[in-house]
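**Q** Just passing along the structure, written as structure tokens.
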């Protein structure tokens, strides 16, 4: 079993997007991998407009109805279907899926196809070893903002 992580960052204050860092452990070949992610903001897990809940999800590769090709797919996401890791640069490129990139931009991420081109072989290699899971974590609340809100 292999687990990679997606550590979400604190909201940028605009609640228009959810940014994160995806970290894949070294498996020898392929090597360790670190990418940036982009998802919609949290909107109570509403399909099509919200990021998915934090949690641990099994990841498989299966045919994507949207892309018509093999894509990473997260299983058993509560209240959701067809959650994938794919390419795209802004929140308008996703309906709740996780977008992959190499760097952040003002409105999203860049070099998404390059990032996907690194992630897909890593995932394929990990799946040859056994089951693969992603552990998605939300940021801890900012204690200063929490105190101000109280």
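**Q** Calculate the FRET efficiency for residue 9 and residue 56 from the Cβ-Cβ distance with a Förster distance of 25 Å, rounded to the nearest 0.05. Kindly include the intermediate steps, with their values, before the conclusion.
**A** Working: r = 19 Å, r/R0 = 0.76.
The formula returns an efficiency of 0.85 here.
**Q** To continue, here is another question. Relative contact order (percent) for the stretch 1-99, with alpha-carbon contacts under 8 angstrom and 6 or more residues of separation? It would help to have the intermediate numbers written out before the result.
**A** On the way: 191 pairs, mean separation 20.8, N = 99.
Reported as a whole number, the value is 21 percent.
**Q** In which sequence would 131, 39, 104 go, from the one with the fewest C-beta neighbours within 10 Å to the one with the most? All intermediate terms of the calculation are to be shown ahead of the outcome.
**A** On the way: 131 12, 39 22, 104 16.
The order, fewest Cβ neighbours first, is 131, 104, 39.
**Q** Take the Cα of residue 70, step 7 Å along the line toward its Cβ, and report every residue of the stretch 122-139 whose backbone nitrogen sits under 12 Å from that point.
**A** Within reach of a label on residue 70, which here means backbone N under 12 Å from a point 7 Å along Cα→Cβ, the stretch 122-139 contributes 122-128.
**Q** Kindly give Rg over Rh for the stretch 54-112, based on alpha-carbon atoms, with the Kirkwood expression for the hydrodynamic radius.
**A** Ratio value, two decimals: 0.98.
**Q** Two-decimal Rg/Rh of the chain from alpha-carbon positions, Kirkwood Rh? Show your work: numbers first, answer last.
**A** Details: Rg = 15.1 Å, Rh = 15.6 Å.
Radius of gyration over Kirkwood radius for the chain works out to 0.97.
**Q** May I pose another question? Between residue 103 and residue 127, what length in nm is gained on full extension when 0.36 nm per residue of separation is reduced by their alpha carbon distance? Numbers along the way, then the final one.
**A** On the way: separation 24, 0.36 × 24 = 8.64 nm, distance 2.59 nm.
Full-extension gain reported as 6.0 nm.
**Q** Rounded to the nearest 5, what % of the DSSP beta bridges within the stretch 1-130 are antiparallel ones? All intermediate terms of the calculation are to be shown ahead of the outcome.
**A** Working: 24 of 26 bridges.
Beta bridges within the stretch 1-130, antiparallel portion: roughly 90 percent.
**Q** Within 10 Å, count the other beta carbons around each residue, average over each peptide in 47-60, 109-122, and list them highest first.
**A** 109-122, 47-60
**Q** Treating the angle as unsigned and between 0 and 90°, give the value, to the nearest 10°, between the Cα long axis of helix 112-129 and the longest Cα principal axis of the chain.
**A** Here the helix axis deviates by roughly 60 degrees.
FYI, it's all coordinate maths here, none of it is from the lab. Predicted model only: the values in this text are computed from it and were never measured. For neighbour counting, all protein chains shown are included, and Cβ atoms are generated from backbone atoms with ideal geometry for every residue, glycine included.
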